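Below: one structure in structure tokens.
Just so it is clear, none of the values below were taken in a lab; they were calculated from the coordinates. Note that the coordinates shown come from a computational prediction; the quantities given were computed from them, not determined experimentally. Cβ atoms come from the backbone with ideal geometry, glycine included; neighbour counts cover every protein chain shown.
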Amino acid sequence: MNLPRAHLLIVAAALLAAVAGFLVFRDAPPAAPTQQAVTLLPEPRPLPAFTLLDQHGAPIDEQALTGRWQLMFFGFTHCPDICPMTLQTLAAVRGRFDGPDQPGVVFVSIDPARDGPEMLGDYLAYYDPDIIGITGAEAAVAAFARALGVAVVMGEADAHGHYAVDHTTAVFLVDPQGRLAGLFRLPHRVDAMARDLERLLGARG
Ligand SMILES: [Cu+2]
């Protein structure tokens, strides 16, 4: 009679453990973080005001960046690596969405001396003609970049007058109210960025 009784106790203990485990599991917070790639600001803050030029040579200001989520990146058309890679990624993220949910992509040239509207337009059309290009007076572009904490270091020109520009690689997230909502830092991955945007679109309701 001793053996079956011991056996029963073991079964009962196992059952209790299973129930306890179930309860713990049910009370546990979701394991997955809500956002994978973006670092959201505690409070969105208005974009610094600017008046610059788009790639069609028309004036553009911060009001043009409202109405949808925007992925904004600072770079230059002569960039050998980071800018082409990032634009490809952002165009792919954009391609994951349709209609009003589709985020905009904004490329601000921090090398306006070389990136006039026409140059910028030709360059961006290769990635996605709907990307908003921003350039303009050097001082005005520099002020806008500085106000967002974008680091820009102009390199020395070589014998041919070629120079590189080191720049921030973060992608700025602008919400539909035109406010700075967060930052995507490297690495920029299409899947993770698209999932974060999906969640943000869902949260807006
Ligand atoms: Cu670049």
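Consider Gly121 against the criteria (1) more than 15 Å from Leu52 (Cα to Cα); (2) of a type outside the set (A, V, I, L, M, F, W, C); (3) in contact with an Asp or Glu (Cβ under 9 Å, 6 or more places away or on another chain): it satisfies all of them except one. Which criterion is unmet?
All conditions pass for Gly121, except number (1).
On the given criteria, is Phe172 closer than 26 Å to Pro42 by Cβ, away from the ligand (no atom under 13 Å from the Cβ), touching a strand residue (DSSP E or B) at 6+ places or on another chain (Cβ under 8 Å) and among the aromatic types (Phe, Trp, Tyr)?
So Phe172 fits the description; yes.
Considering only residues of region 155-175 that are hydrophobic (A, V, I, L, M, F, W, C) and surrounded by fewer than 17 Cβ atoms within 10 Å (Cβ to Cβ), which is farthest from Asp98 (Cα to Cα)?
Going through the qualifying residues, I end up with Ala159.
Is there a residue in region 107-122 that is within 17 Å of Glu62 (Cα to Cα), within 14 Å of the ligand (Cβ to nearest atom), buried (at least 22 other Cβ atoms within 10 Å of the Cβ) and not aliphatic (A, V, I, L, M)?
yes
So the check is Cβ under 6 Å with 6+ separation or different chains; which pairs have a first residue in region 79-90 that's under 13 Å from Val108 (Cβ atoms) and a second one that's within 7 Å of the ligand (Cβ to nearest atom) and in a helix (DSSP H, G or I)?
Partner pairs satisfying both residue conditions: none exist.
Can you pull out the residues in region 131-151 that are under 19 Å from the mean Cα position of the chain (by Cα) and touching a residue at least 60 places away in the same chain (Cβ under 8 Å)?
Ile132, Gly133, Ile134, Phe144, Ala145, Ala147, Leu148, Val150 - these are the residues of region 131-151 that are under 19 Å from the mean Cα position of the chain (by Cα) and touching a residue at least 60 places away in the same chain (Cβ under 8 Å).
Going by the conditions given, is Thr89 of a type in the set (S, T, N, Q), over 24 Å from Ala37 (Cβ atoms) and within 16 Å of the ligand (Cβ to nearest atom)?
no
Out of the residues in region 63-86 meeting the condition of being away from the ligand (no atom under 16 Å from the Cβ) and assigned to a helix (DSSP H, G or I), tell me which one is surrounded by the most Cβ atoms within 10 Å (Cβ to Cβ).
Result: Leu65.
Moving on to the next point. Of all residues in region 125-140, which are farther than 18 Å from Thr169 by Cβ and out of contact with any helix residue (DSSP H, G or I) (no Cβ under 6 Å at 6 or more places or on another chain)?
Within region 125-140, Ala125, Tyr126, Pro129, Asp130, Ile132, Gly136, Ala137, Glu138, Ala139, Ala140 qualify.
Test Gly178 against the stated conditions and say whether it is surrounded by 15 or more Cβ atoms within 10 Å (Cβ to Cβ), without any contact (Cβ under 8 Å) to a residue 24 or more places away in the chain, more than 16 Å from the ligand (Cβ to nearest atom) and closer than 24 Å to Gln63 by Cα.
So Gly178 fails the test.
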